[in-house]
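In what follows, a single structure is set out as structure tokens and then discussed.
The values are calculated or read from the model by the stated rules, or taken from the named source; none is laboratory data. All figures in this text were calculated on a predicted structure; none of them were measured in a lab. For neighbour counting, all protein chains shown are included, and Cβ atoms are generated from backbone atoms with ideal geometry for every residue, glycine included. Side chains included, ligands, DNA and RNA excluded: accessible areas come from the protein's heavy atoms. Shrake-Rupley method; radii C 1.70, N 1.55, O 1.52, S 1.80 Å.
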Amino acid sequence: MVSTGSLGVGIVGYGLAGRYFHAPFVAAVDGLRVAAIATSREDRQADARREHPDAVVVATFDDLVERSDVDIVVVASPNRTHVPLGIRALEAGRHVVVDKPIATDIDDAQRLVDAAERTGSVLSVYHNRRFDGDFLTVRSLVAAGTLGPIDSMESRFEIGVPLVEAWREDANEAGGPHRDLGAHLVDQALLLFGDPERVFAQLDRRRPGTEVDDSAFVALAHRGGERSRIWTSLISPWGRPRFRLRGLLGEFVKDERDPQEARALAGGQPSDPGFGDDAPEQWGRLHLIGEESRTVATESGDYRRFYELFRDAVRTGSPPPVDPLDAIRGLRVLEAAETSSRTASVVSPAPV
């Protein structure tokens, strides 16, 4: 499909994801505009009207998908809605972005992919952390061979939060950090090292009264011999280092997370100067055997890149920013980890 005009984007859901991780980045991309926002909550409708005065704010998905000025639908609502709403949008002739995880199970994920193939519309999954500056730096170090053959990567996304009433705390919504934050970290590990041959995991519920696994460790043995060790949790207020990458020539350690999330939550805009740039005091350190350690400037992160690539995929037929089959590969690893933890065994994920 070729489209040369401005593409209207309809965003379904205006909670944390829709408000802070989708709408501002859509609005900051040339050739895209926030045309409509759907949320049933009156307080969020007021937020949407104030923050995107040119967008039409509606109460339901049906009201949004029926609009002729909506070319792209972003499904930023709870996890269990990704597939049914994504399929309905595709069948209505819209291109679709679903937030991660792509689905709550493999069969549903495949149904969504099948619907995209059947309708000929573009489908992608919002693994925006492919465009984190810290991950881009790690990926560059691996590609350059700076550390020599890679032994292992440690990757953490741990936060400390109290138990709250929210869908992210609901096991039926595939809530919890393993499916939420872990979806990003597994995606990054697969991009770096490919599919794993074996998965081992320990998933625990630590906070009194929680219904989700709030402390997770996942170990991946990749086919090339590299090992990824991944931690996600809701009980760690420190949560560092973000990355430790070890090779035969040395290691790279990055303590702090990419700054885009914190800046977006604080009301910053993607077009602000330096929005995706790390402060020099937060750069990682490279420790090579036989050499003095030194800092490595963090590459600039930019979540807008996801929507720039999605715009191009709609206009020119180029590949989407995230192949939905990549998201299914990641979901298979997440499911294998859950099986491993439940059975106290090492699991081999089924191939995609």
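Computed values, structure above
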{"read-out": "Scope region 226-248; condition in a loop (DSSP other than H, G, I, E, B), open to solvent by 20 Å² or more (accessible area, probe 1.4 Å), at pLDDT 95 or above and of a type in the set (Lys, Arg); matching residues", "value": "none"}
{"read-out": "Inter-residue pairs, beta-carbon under 8 Å, first in contact (Cβ under 8 Å) with a residue 60 or more places away in the chain and in region 100-111, second of a type in the set (Ser, Thr, Tyr), 6+ apart", "value": "100/126"}
{"read-out": "Selection count, region 159-215, where residues are aromatic (Phe, Trp, Tyr) and either open to solvent by less than 20 Å² (accessible area, probe 1.4 Å) or closer than 24 Å to residue 140 by Cα (or both)", "value": "1"}
{"read-out": "Residue list for region 261-313, filter: closer than 20 Å to residue 7 by Cβ, charged (D, E, K, R) and in a helix (DSSP H, G or I)", "value": "304, 305, 308, 311, 312"}
{"read-out": "Elements of type strands (runs of 3 or more DSSP E) contained in region 1-105, each with 2 or more residues being at pLDDT below 95 and surrounded by 19 or more Cβ atoms within 10 Å (Cβ to Cβ)", "value": "none"}
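Every residue, every condition in (1) closer than 25 Å to residue 153 by Cβ; (2) open to solvent by 70 Å² or more (accessible area, probe 1.4 Å); (3) in contact with a Leu (Cβ under 7 Å, 6 or more places away or on another chain), yes or no:
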{"position": "263", "(1), (2), (3)": "no, yes, no"}
{"position": "275", "(1), (2), (3)": "no, no, no"}
{"position": "280", "(1), (2), (3)": "yes, yes, no"}
{"position": "286", "(1), (2), (3)": "yes, no, no"}
{"position": "298", "(1), (2), (3)": "yes, no, no"}
{"position": "301", "(1), (2), (3)": "yes, no, yes"}
{"position": "306", "(1), (2), (3)": "yes, no, no"}
{"position": "309", "(1), (2), (3)": "yes, no, no"}
{"position": "324", "(1), (2), (3)": "yes, no, yes"}
